[in-house]
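This report refers to the structure that appears directly beneath it.
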Amino acid sequence: MQAAAPNVADKATLRELRAAIEDFHCDYAAELDRGDIEKWPNFFTDDALYRVIARDNHEAGMPLCLMLCQGMGMFKDRAYAIKHTEMYAPRYVQHHVSLVRVTGFDGTHATAEANYTILETLVDEPTKLLQAGRYMDKFRLQPDGSLLLAERHCIFDSVIVSNCVVFPV
Amino acid sequence: MTVQAIPQNAAPNHELPDLIWPEKSGDIPDWIYTDPRVYELEQKRIFQGATWNYVGLEVEIPKRGDFIRSYVGSVPVIVVRDLREQVRVFENRCAHRGAEFCKSYRGNSRSFVCPYHHWTYDLTGKLAGVPFRNGVDGKGGYPEDFNLSDHNLRSLNVTVLGGAIFASFSQDMPSLEDYLGPELYGEFTTIFSGRKLKMLGIHRNVLQGNWKLYQENLKDPYHATLLHTYLTTFGLFVAGNKTGIVADKDGRHSALLNAKPEGRPDNDASKAEIRSFKAAMQLADPSILEFNKEFDSPWTSSAITIWPNLILIRQLNILSLRMIVPQGPNEFMLVWTAFGYEDDSPELEQHRLRQNNIFGPGGFLGIDDNEALRFVQDGIKRSLPRHGVASLGKDVEPMDTVITDRAIRSMYKHYREVMGL
Ligand SMILES: [Fe+2]
């Protein structure tokens, strides 16, 4: 990931940024948990990079991703595939995001990290842990003051995937 | 120490007299997917028998002392490059008290030390030393007749072809070339030609189904045009494509071959049968399905099943292995390895990575198959016993239709011989 310039912001700016990023996580998680997958690409810039990668691959320097989107076209195509072409049992997912840390800000880009867990519930089955991982994010400040993701790297500890991961992380 | 191989034409099975295979051709009994006795017998007669089992790639262990964890059937093994650069495979089980001593996916070491009592093995699997062999102050210690060489790690037979490593519990095996037969050897060496490989990464996946369902899935071209809406929608595979199926003489291994037509398949007559076809859809980023022809082959995809534990896929520019690790009758692990070649341009490597969105446990097709297999296992294990039906097509007819189960039937013909069922 390309790092934003190291922190040149004062403490108050960083606190404000963290609050904005936490709001962003809330909206992102709420949209995915509601199941409206076609809204998911809206959280990213047109040139965004999205990777869901096993921690094992990440640490061994191997680039293979569970999901990879480079540019808006690939986001839209994944959303379309999930909604219209993939076959899977109905399920609920629930994202939990915690320990949000802002690691840098250069005026237009903020880098941040957070832990996430995703719970998944299938028909006639108890809820299970689908993923435990860490977001490494790069947000781009928009002219209207809002944030969009220019990069999201989801590095998951739960290397052994139980059956499949249908929805984005 | 070697395990006695079970010959190919094993004696009929008298331990399981209650299991009677149905008479009708193409009928498959439920109990092969659910009965724990069948599962145990498969471990002995198939995975520990006269089979070559894929365990890893040489590129995963390039240097002396490099090792990876792997499996032969349900048995954990270590694949290691010894000090003479030879590839060795041995059981991941200490000869002392049975500890599975290697718990890392990969690493580099000069020796293996079991953490429990520090029995130490060299990279060839030989027991090199045990602490306090002669006790302390003349007291304790192992008896006079204790020989280190009686307690080596159990070593497997190893063969390497074009960078792919196979192992067998049988010391009496034909060459991998003979094991595969000429057609499958050809498909295999199209990919593993000796050109240096580059690892792109691994998906580790547990599926809630019997391991044989996965072999069936890749011998079942019927489902590919029906379940995989992504394939049909975006023109990768439709029933009217130029296709073929090849198998070895024993019917164990097979390859489904397919040539993707140029452009979209809107004029394919077979689409009318396919409910999943979505005529109006275009990819927002069609570059993901671009095909850079890189092999001297008429086929754009080749789905190769190598009995008993390997699927090798070439789909457009995706090169991918799937190693099957049975974990009881109702579950198996699937280790997906994506790779390219060392001399790939950075653009081609990026393209392979983007295209790999199709496969894996988060892939456009991977999700379909993993879910479908689970549906099958759920149905079989929870409903009243009943035979499955695999009667599509004829056993003898030209090899150019996908509306056939012949590769599944030929696999079970071989399976019944080996299992005595
Ligand atoms: Fe499939």
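The values are calculated or read from the model by the stated rules, or taken from the named source; none is laboratory data. The model shown is predicted, which means the values in this text are computed figures rather than measured ones. Cβ sites come from the backbone with ideal geometry, for glycine too, and all protein chains shown count toward neighbours. Accessible surface is based on the protein model in full, side chains and every heavy atom, while ligands, DNA and RNA are left aside. Shrake-Rupley method; radii C 1.70, N 1.55, O 1.52, S 1.80 Å.
Would you check which residues across segment B:322-362 are more than 24 Å from B:Lys44 (Cα to Cα) and under 16 Å from the mean Cα position of the chain (by Cα) and list them?
B:Trp336, B:Thr337, B:Ala338, B:Phe339, B:Phe359, B:Gly360, B:Pro361
Run B:Leu365 past the list (1) within 11 Å of chain A (Cβ to nearest Cβ); (2) in contact (Cβ under 8 Å) with a residue 60 or more places away in the chain; (3) away from the ligand (no atom under 16 Å from the Cβ) and report the number of the one that doesn't hold.
It fails just one condition, (3).
Taking A:Ile53 as the residue in question, decide whether it is buried (at least 17 other Cβ atoms within 10 Å of the Cβ), farther than 19 Å from A:Phe156 by Cα and more than 7 Å from chain B (Cβ to nearest Cβ).
Here the answer is no, as A:Ile53 does not meet what is asked.
May I ask you to say which residue of B:Val389, B:Val376 is over 21 Å from B:Ile304 (Cα atoms), within 16 Å of the ligand (Cβ to nearest atom), away from chain A (no Cβ under 11 Å) and surrounded by fewer than 21 Cβ atoms within 10 Å (Cβ to Cβ)?
Working: B:Val389 fails: within 16 Å of the ligand (Cβ to nearest atom).
Sole residue among the options that is over 21 Å from B:Ile304 (Cα atoms), within 16 Å of the ligand (Cβ to nearest atom), away from chain A (no Cβ under 11 Å) and surrounded by fewer than 21 Cβ atoms within 10 Å (Cβ to Cβ): B:Val376.
Filter segment A:60-101 down to the residues that are touching a residue at least 40 places away in the same chain (Cβ under 8 Å) and within 23 Å of A:Asp46 (Cα to Cα) and list them by number.
Scanning segment A:60-101 gives A:Leu66, A:Met67, A:Arg78, A:Ala79, A:Tyr80, A:Ile82, A:Lys83.
Looking only at segment A:106-165, how many residues end up being of a type in the set (S, T, N, Q) and within 14 Å of chain B (Cβ to nearest Cβ)?
Selection size over segment A:106-165: 4.
What do you reckon, is B:Leu421 farther than 23 Å from B:Leu227 by Cα and modelled with pLDDT of 90 or more?
Here the answer is yes, as B:Leu421 does meet what is asked.
When B:Asn370 is evaluated against the numbered criteria (1) open to solvent by 30 Å² or more (accessible area, probe 1.4 Å); (2) in a helix (DSSP H, G or I), which criterion, by number, is the only one it fails?
Result: B:Asn370 fails condition (1) only.
Report, by residue number, each residue of segment B:203-212 that is closer than 18 Å to B:Leu321 by Cα and within 13 Å of chain A (Cβ to nearest Cβ).
Matches in segment B:203-212: B:His203, B:Arg204, B:Asn205, B:Val206, B:Leu207.
Which one of the conditions (1) touching a helix residue (DSSP H, G or I) at 6+ places or on another chain (Cβ under 9 Å); (2) not in a strand (DSSP E or B) does B:Asp378 fail to meet, given that it meets all the rest?
(1)
As an exercise: evaluate B:Leu184 against (1) within 10 Å of chain A (Cβ to nearest Cβ); (2) of a type in the set (A, V, I, L, M); (3) assigned to a helix (DSSP H, G or I) and give the number of the one condition it does not meet.
For B:Leu184, the exception is condition (1).
Take the residues of segment A:56-105 that are among the β-branched types (Val, Ile, Thr) and buried (at least 22 other Cβ atoms within 10 Å of the Cβ): which is farthest from the other protein chains (Cβ to nearest Cβ)?
Restricting to residues being among the β-branched types (Val, Ile, Thr) and buried (at least 22 other Cβ atoms within 10 Å of the Cβ), the top hit is A:Val102.
Limited to segment B:209-245, what total is found for residues that are in a loop (DSSP other than H, G, I, E, B), open to solvent by 10 Å² or more (accessible area, probe 1.4 Å), more than 10 Å from the ligand (Cβ to nearest atom) and touching a strand residue (DSSP E or B) at 6+ places or on another chain (Cβ under 8 Å)? If you could, list the steps in order and put the result at the bottom.
Restricting attention to segment B:209-245, the residues satisfying the condition of being in a loop (DSSP other than H, G, I, E, B) are B:209-210, B:218-220, B:225-228, B:234-241.
Next, only the ones that are open to solvent by 10 Å² or more (accessible area, probe 1.4 Å) stay: B:218, B:220, B:226-227, B:234, B:237, B:239-241.
Those still in the list that are more than 10 Å from the ligand (Cβ to nearest atom) too: B:234, B:239-241.
Now restrict to residues that are touching a strand residue (DSSP E or B) at 6+ places or on another chain (Cβ under 8 Å): B:241.
Number satisfying all stated conditions: 1.
Looking at B:Gly56, B:Gly98, B:Gly107, B:Gly125, can you tell me which residue is over 18 Å from B:Ser170 (Cβ atoms), over 17 Å from the mean Cα position of the chain (by Cα) and touching a residue at least 24 places away in the same chain (Cβ under 8 Å)?
Step by step, each of B:Gly56, B:Gly98, B:Gly107, B:Gly125 is checked, and only B:Gly107 is over 18 Å from B:Ser170 (Cβ atoms), over 17 Å from the mean Cα position of the chain (by Cα) and touching a residue at least 24 places away in the same chain (Cβ under 8 Å).
May I ask you to verify whether B:Asn317 is of a type outside the set (Asp, Glu) and within 15 Å of the ligand (Cβ to nearest atom)?
Spelling it out, it is not the case that B:Asn317 is of a type outside the set (Asp, Glu) and within 15 Å of the ligand (Cβ to nearest atom).
Can you list the helices (runs of 4 or more DSSP H) lying wholly within segment A:1-113 that have 1 or more residues being within 23 Å of B:His228 (Cα to Cα)?
The helices (runs of 4 or more DSSP H) meeting that bar are A:72-80.
A quick yes/no check of all residues on (1) more than 17 Å from B:Ser149 (Cα to Cα); (2) assigned by TED's automatic domain parsing to the domain that holds B:Pro131; (3) in contact with a Leu (Cβ under 6 Å, 6 or more places away or on another chain); (4) of a type in the set (Phe, Trp, Tyr):
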| position | (1), (2), (3), (4) |
| --- | --- |
| B:Ile68 | yes, yes, no, no |
| B:Tyr71 | yes, yes, no, yes |
| B:Val77 | yes, yes, no, no |
| B:Val80 | yes, yes, yes, no |
| B:Arg106 | yes, yes, no, no |
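Is it the case, given these coordinates, that B:Ser170 is away from the ligand (no atom under 16 Å from the Cβ), open to solvent by less than 10 Å² (accessible area, probe 1.4 Å), modelled with pLDDT of 95 or more and in a loop (DSSP other than H, G, I, E, B)?
yes
Here's the yes/no breakdown for (1) at the interface with chain A (Cβ under 9 Å from one of its Cβ atoms); (2) within 16 Å of the ligand (Cβ to nearest atom); (3) part of a helix (DSSP H, G or I):
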{"site": "B:Val335", "(1), (2), (3)": "no, no, no"}
{"site": "B:Ala338", "(1), (2), (3)": "yes, no, no"}
{"site": "B:Glu347", "(1), (2), (3)": "no, no, yes"}
{"site": "B:Leu353", "(1), (2), (3)": "yes, no, yes"}
{"site": "B:Asn357", "(1), (2), (3)": "yes, yes, yes"}
{"site": "B:Gly360", "(1), (2), (3)": "yes, yes, no"}
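Would you mention how many residues in segment B:187-208 are outside any helix (DSSP H, G or I) and more than 16 Å from the ligand (Cβ to nearest atom)?
Summing the residues that are outside any helix (DSSP H, G or I) and more than 16 Å from the ligand (Cβ to nearest atom) in segment B:187-208 gives 14.
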